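Student: If you scroll down you'll find the structure; I have some questions about it.
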Amino acid sequence: MSQVKGPSTFVSEAYQLDDQAGTVDFYKKWADDYDHQMLDELEYVAPLGIARLLCEHLPDTESEIFDVGCGTGLTCRLLADNGYRALDGIDLSPDMVRVAGEQGIYRELIVGDVNEPIDRLSSSYDGVISSGTFTHGHVGPEPLDDIFRILRTGGILACTVHKDLWESRGFEQKFASLVSDGKARCLQLKKDKYYETDNIDGWFCVYQKIS
């Protein structure tokens, strides 16, 4: 099977990750240089785009928000700049969590695998945000049930999903199931770019928990 190509060697290598140990080792190597690679070298704009959508649909800056696959904190840094303060996050990589903690914007950070039950109480967040986690070599749609579990009724999920995985990994079907089962409704769904290029890289999704 041919390798999935990203916009750089760094991203292409990330797309090939296929186990937990390899993911942890990869981000240990790149954690301190991640922001430079993504922002300066690649002009990564997906975190800004999904943060803007969450702000639009969850304008109360007192809202409690959980960052799934928080990485170095890029997405929540943008939320913090807009006045949001009750920010928590989870990431598989201890080194990415370390860098995120250095930003001084999170209330709480945990190291954990979102493919396992998330160590949060049910109905404990007004919003969940995720950028760059539902992509090649990372996370499929399996955690969505648990994500909706930790959302309060009326809460908002804003996330990106790589376009190549939308149908093939079952994201489209999973979101449709959540809607048809009366658990969620779609507020916004659009394709947009992850990087400052002309390429359309993925889906930007906003769903609301209704039960």
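The values are calculated or read from the model by the stated rules, or taken from the named source; none is laboratory data. Since the model is a prediction, treat every value here as computed from it, not as a measurement. A quick note on method: Cβ atoms are made from the backbone with ideal geometry, for glycine too, and the neighbour counts reach across all protein chains shown.
Student: Applying the selection to segment 70-125, what residues are of a type in the set (S, T, N, Q), surrounded by 15 or more Cβ atoms within 10 Å (Cβ to Cβ) and closer than 20 Å to Lys28 by Cβ?
Tutor: Thr72, Ser93, Gln103
Student: Follow-up question, since we're still on this one. With respect to Asp67, is the statement that it is outside any helix (DSSP H, G or I), touching a Leu at 6+ places or on another chain (Cβ under 9 Å), charged (D, E, K, R) and modelled with pLDDT of 75 or more true?
Tutor: Yes; evaluated as a whole, the condition is true for this residue.
Student: Of (1) on the phi > 0 side of the Ramachandran plot; (2) surrounded by 12 or more Cβ atoms within 10 Å (Cβ to Cβ), Gly182 satisfies all except one. Which?
Tutor: Failing condition for Gly182: (2).
Student: Identify the single condition in (1) in contact with a Lys or Arg (Cβ under 8 Å, 6 or more places away or on another chain); (2) more than 17 Å from Arg152 (Cα to Cα) that Asn115 does not satisfy, given that it satisfies every other one.
Tutor: Single failed check for Asn115: (1).
Student: Taking segment 126-143 as the search range and keeping residues that are modelled with pLDDT under 95 and of a type in the set (S, T, N, Q), which one is surrounded by the fewest Cβ atoms within 10 Å (Cβ to Cβ)?
Tutor: Checking each candidate, the answer is Thr133.
Student: Looking at segment 70-108 only, could you name the residues that are within 17 Å of Arg120 (Cβ to Cβ) and assigned to a loop (DSSP other than H, G, I, E, B)?
Tutor: Those that are within 17 Å of Arg120 (Cβ to Cβ) and assigned to a loop (DSSP other than H, G, I, E, B): Cys70, Ala86, Leu92, Tyr106, Arg107.
Student: If you check Lys183 against the conditions, is it of a type outside the set (A, V, I, L, M, F, W, C), within 16 Å of the chain's Cα centre (by Cα) and over 23 Å from Ile90 (Cα atoms)? Walk me through it before giving the result.
Tutor: On the way: of a type outside the set (A, V, I, L, M, F, W, C): yes; within 16 Å of the chain's Cα centre (by Cα): no; over 23 Å from Ile90 (Cα atoms): yes.
When the stated conditions are applied, Lys183 does not pass them.
Student: Just checking, how many residues over segment 14-35 are at pLDDT below 75 and outside any helix (DSSP H, G or I)?
Tutor: Count: 3.
Student: Take the residues in segment 144-164 that are more than 14 Å from Gln208 (Cα to Cα) and either of a type in the set (A, V, I, L, M, F, W, C) or more than 15 Å from the chain's Cα centre (by Cα) (or both); name whichever of them is modelled with the lowest pLDDT.
Tutor: Asp164
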